[in-house]
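Engineer: If you scroll down you'll find the structure; I have some questions about it.
The values are calculated or read from the model by the stated rules, or taken from the named source; none is laboratory data. Note that the coordinates shown come from a computational prediction; the quantities given were computed from them, not determined experimentally. Virtual Cβ from ideal backbone geometry, glycine too; neighbours counted across all protein chains shown.
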Amino acid sequence: MKSFLAFLVAMGFIVALGDAYCFSKMNKPEEGNEGCILEGKLYPYGEIPRTHNCLRCSCSQKAMLCCSIFHTPIGYDKDNCQVIFNDQTCDYDVVEKRDPSKKCPVYSRVG
């Protein structure tokens, strides 16, 4: 019983830390003719490697499944550094508060 409980706890950590933020959106019948609509923008059927808001999506006639392509930094010097989202690279930059031109080391991220 103890080993089963340990297995469940370990799997919970793997699932929680190993996957990016994901969601699905069902298409309305009138929307599914040409592709999928996400935040007012039409995307074609198939795989979308990067949307305007940094998601990787798959579009079908029935639904759109999207996952973030960035991971949020959690292990860094929070006293001396700040996190800034870079929409050009779809990633977070961790920089010094005093001099934002200098990057800070990041030790862990979650998605």
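Engineer: Enumerate the pairs (first residue in the range 85-104 and under 18 Å from G75 (Cβ atoms); second residue anywhere and in a loop (DSSP other than H, G, I, E, B) and among the acidic types (D, E)) with beta-carbon separation below 6 Å, excluding pairs fewer than 6 apart on the same chain, so at least 6 apart or on different chains.
Structural biologist: Pairs that qualify, where the first residue is under 18 Å from G75 (Cβ atoms) and the partner is in a loop (DSSP other than H, G, I, E, B) and among the acidic types (D, E), are C104/D77.
Engineer: For the range 36-92, which residues satisfy the criterion of being surrounded by 13 or more Cβ atoms within 10 Å (Cβ to Cβ), of a type in the set (G, A, S) and in contact with a Ser or Thr (Cβ under 6 Å, 6 or more places away or on another chain)?
Structural biologist: Of everything in the range 36-92, just one residue is surrounded by 13 or more Cβ atoms within 10 Å (Cβ to Cβ), of a type in the set (G, A, S) and in contact with a Ser or Thr (Cβ under 6 Å, 6 or more places away or on another chain), namely A63.
Engineer: Restricting the search to the range 27-53, which residues are touching a Phe, Trp or Tyr at 6+ places or on another chain (Cβ under 6 Å) and not in a strand (DSSP E or B)?
Structural biologist: The answer is G35, and nothing else.
Engineer: Which is over 14 Å from K25 (Cβ atoms), more than 18 Å from the chain's Cα centre (by Cα) and hydroxyl-bearing (S, T, Y), of S60, S68, S101, S108?
Structural biologist: Details: S60 fails: over 14 Å from K25 (Cβ atoms); S68 fails: more than 18 Å from the chain's Cα centre (by Cα); S108 fails: more than 18 Å from the chain's Cα centre (by Cα).
Being over 14 Å from K25 (Cβ atoms), more than 18 Å from the chain's Cα centre (by Cα) and hydroxyl-bearing (S, T, Y) holds for just one of S60, S68, S101, S108, which is S101.
Engineer: So which residues in the range 64-91 are modelled with pLDDT under 95 and within 20 Å of T51 (Cβ to Cβ)?
Structural biologist: If the condition is that a residue be modelled with pLDDT under 95 and within 20 Å of T51 (Cβ to Cβ), then S68, I69, F70, H71, T72, F85, N86, D87, Q88, T89, C90, D91 are the ones that fit.
Engineer: Let me spell it out: the conditions are (1) surrounded by 14 or more Cβ atoms within 10 Å (Cβ to Cβ); (2) modelled with pLDDT under 95, and V95 meets all of them except one. Which number is the exception?
Structural biologist: Every condition holds for V95 apart from (2).
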